[in-house]
Amino acid sequence: QMQADIFNADVVALENEQGPGLGAAMLAAYGCGWFESLDACAERFVKRASVYKPQQAAVDAYAGLFRIYQEVYGQTRGLNEALKSFRN
């Protein structure tokens, strides 16, 4: 839900959390010519579990927090640069 609110977009959760491996297998299947398109391949392999829709109150809150973050970053950028030599 948090991603949907932060990005103000629908977020689709999948039944199977094997995203990278599944994506590689889908590309291989498409590359072998087993499917006419990646969309056709996805229709076969990708199973959607839930859709999270943005909640406007949370969207507004995150947008406000991001504006504050941008101000803080602008005011502390020089300090971060000065501390660079102390980081490992």
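Structure values in brief
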quantity: Helix-only [θ]222 nm of the chain, DSSP H runs n ≥ 4, -39500 (n - 2.57) each, per residue, nearest 500; calculated: -20000 deg cm²/dmol
quantity: Selection from 27, 79, 7 lying farthest towards where the dipole of the chain points positive, charges on Cβ; calculated: 79
quantity: Net +/- balance of residues flanking residue 7 in space, Cβ distance below 14 Å, scoring K and R +1, D and E -1; calculated: -2
quantity: Percent carbon-and-sulfur accessible area, the chain, ignoring ligands, DNA and RNA, probe 1.4 Å; calculated: 57
quantity: Among 75-87, 24-36, the order from most to least packed when residues are scored by Cβ within 10 Å on average; calculated: 24-36, 75-87
quantity: Dipole magnitude (debye, nearest 20) for the chain, charges at Cβ of Lys, Arg, Asp, Glu; calculated: 340
quantity: Computed lengthening from residue 12 to residue 40, 0.36 nm per intervening residue step minus Cα-Cα distance; calculated: 8.3 nm
quantity: log₁₀ of I(q)/I(0) at q = 0.17, 0.20, 0.21, 0.22 Å⁻¹ - the chain, Debye sum with one point per alpha carbon; calculated: -0.82, -0.90, -0.94, -0.99
quantity: Sequence-separation-based contact order of the chain, relative, with Cα cut under 8 Å and 6+ spacing, percent; calculated: 40
quantity: Mean accessible surface per residue for the chain, computed with a 1.4 Å probe while every protein chain stays in place, in Å²; calculated: 83
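The values are calculated or read from the model by the stated rules, or taken from the named source; none is laboratory data. These figures come from a predicted structure and were not determined experimentally. Note that each Cβ is placed from the backbone with ideal geometry, even for glycine, and that neighbours are counted across all protein chains shown. Ligands, DNA and RNA are stripped out before the accessible areas are found, and what is left, the full protein with its side chains, is counted by its heavy atoms. Shrake-Rupley method; radii C 1.70, N 1.55, O 1.52, S 1.80 Å.
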